[in-house]
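J.: I am attaching a structure below and will ask some questions about it afterwards.
The values are calculated or read from the model by the stated rules, or taken from the named source; none is laboratory data. These numbers were taken from a predicted model, which means no experiment stands behind them. Cβ placement follows ideal geometry from the backbone for every residue including glycine, while neighbour counts extend to all protein chains displayed. When the accessible area is computed, the model is the full protein with side chains, heavy atoms only, and any ligands, DNA or RNA have been set aside. Shrake-Rupley method; radii C 1.70, N 1.55, O 1.52, S 1.80 Å.
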Amino acid sequence: MKISTKGRYGLTIMMELALKFGEGPTSLKSIAEKNGLSEHYLEQLIAPLRNAGLVKSIRGAYGGYILSREAGTITAGDIIRVLEGPISPVDFTEEDDPAKRDLWLRIRDSIADVLDSTTLSDLINYKEASHVDNYMFYI
């Protein structure tokens, strides 16, 4: 399974809205400019997210989009499924070998588990683990 630009940019939109949660609406233009993306493409992606109830649109001169609920309650899986469809590495109906079918099911379930256990809050608060110990020497 490969996540397309729809899924990747959709996560970008949602992370930007999560960062601004509680501060009022955010325009797609500002998200596009900040991330070097096409505003027109983001407009195409926001519609299914709105239809799925993940975002709300605010009209007017200072309008834009807001998350429909807190970032900790929206998972990456929610977003990816709306934009990419079902999570599946292969078409299971064509697989007749039980061993391979079981492998594909375990892969699918593992991917779904990671996506469904990662919230927007997790993504916006991510800190890269440092593997280098920082020692301070005083002389």
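J.: Go ahead and estimate [θ] at 222 nm for the chain from helices alone: -39,500 (n - 2.57) per DSSP H run with n ≥ 4, summed, over the residue count, rounded to 500.
T.: Rounded to the nearest 500, the figure is -15000 deg cm²/dmol.
J.: Along Cα→Cβ, 7 Å out, is where each label goes; now give me the distance between the ones at Gln44 and Tyr62 in nm to one decimal.
T.: The two pseudo-label positions are separated by 3.3 nm.
J.: Roughly how many Å² is the accessible area per residue of the chain, as a whole number, for a 1.4 Å probe?
T.: Dividing the accessible area of the chain by its residue count gives 67 Å².
J.: So the label point goes 7 Å from the Cα of Ala112 along Cα→C-beta, right? Which residues of the stretch 48-92 then have their backbone N under 19 Å from it?
T.: The answer is 74-92.
J.: Accessible area of the chain with a 1.4 Å probe: how many percent of it is carbon plus sulfur? Walk me through the numbers on the way to the answer.
T.: Details: 4860 of 9290 Å².
The value for the chain is 52 percent carbon and sulfur by accessible area.
J.: Taking only the alpha-carbon positions of the chain and ignoring solvent, what does the Debye formula give for the base-10 log of I(q)/I(0) at q = 0.13 Å⁻¹?
T.: -0.65
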